[in-house]
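Novice: What follows is a single structure, and I will ask about it in a moment.
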Amino acid sequence: MRDNLKGRCWLCGTYGPTETHHIFEGSNRKWSDKYGLTVELCMWCHREGRNAAHISRETADYLHTEGQKAFERTYGDRQEFMDIFGKNYL
């Protein structure tokens, strides 16, 4: 998921300052780092807007789904994902 560049929001596509968002947080944050399951988000999409990843459950779930798809394409199957992250988001 790290294919997007700093300076372009992965969600809305706007250019400008971005912040790195770990798709899986809490105890799974280290796994997000290890497997590259982070995206660059503008401040609005990350933590300020009503649909921001840290505010909106719908946005967070969308990112979880996309993160799991990226993991399965690159690193392993669904069971491996669930063994690491503890949940199936698909």
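Nothing in this text is a laboratory measurement; each read-out follows from the coordinates by a stated rule. These numbers come from a predicted model, not from an experiment. Note that we place each Cβ from the backbone using ideal geometry, even for glycine, and neighbour counts take in every protein chain shown.
Novice: So who's got an amide H within less than 5 Å of the one on Thr14, skipping anything under 5 residues away but keeping other chains? H placed 1.01 Å off N, in plane.
Specialist: Answer set, sorted by chain and number: Cys9.
Novice: Also, quick follow-up: Treating the beta-carbon of each Lys and Arg as +1 and of each Asp and Glu as -1, no other charges, what is the dipole magnitude of the stretch 19-85 about its Cα centre, to the nearest 20 debye?
Specialist: Numbers: 9 positive and 12 negative charges, 16 e Å.
It works out to roughly 80 debye.
Novice: Taking 7 Å along the Cα-to-C-beta vector as the label spot, tell me the Gln79-Ser27 distance in nanometres, rounded to one decimal.
Specialist: Going from the Gln79 label point to the Ser27 one covers 2.2 nm.
Novice: To check my understanding: the extent here is largest minus smallest coordinate of the Cα atoms along each principal axis. What are those three numbers for the chain, in Å, largest first?
Specialist: Over the chain, Cα extents along the principal axes are 37, 24, 20 Å.
Novice: List the residues, sorted by chain then number, that are 5 or more residues from Gly36 or on another chain and whose placed amide H is less than 5 Å from its amide H.
Specialist: Here the answer is none, since no amide H 5 or more places off falls under 5 Å of that of Gly36.
Novice: Let me ask something else about it. So for Thr74, Thr38, fewest C-beta neighbours within 10 Å to most, what's the order?
Specialist: Numbers: Thr74 11, Thr38 20.
The most exposed by this proxy come first: Thr74, Thr38.
Novice: About the Cα centre of the stretch 46-90, what is the dipole size in debye to 20, counting +1 per Lys and Arg Cβ and -1 per Asp and Glu Cβ, all else neutral? List each step's numbers first, then the result.
Specialist: Working: 7 positive and 8 negative charges, 34 e Å.
Dipole of the stretch 46-90, to the nearest 20 debye: 160 debye.
Novice: For a quick protection proxy, order the peptides 42-49, 80-87, 28-35 by their average other-Cβ count within 10 Å, most packed first.
Specialist: Numbers: 42-49: 17.9, 80-87: 14.2, 28-35: 16.4.
For the peptides 42-49, 80-87, 28-35, the packing ranking is 42-49, 28-35, 80-87.
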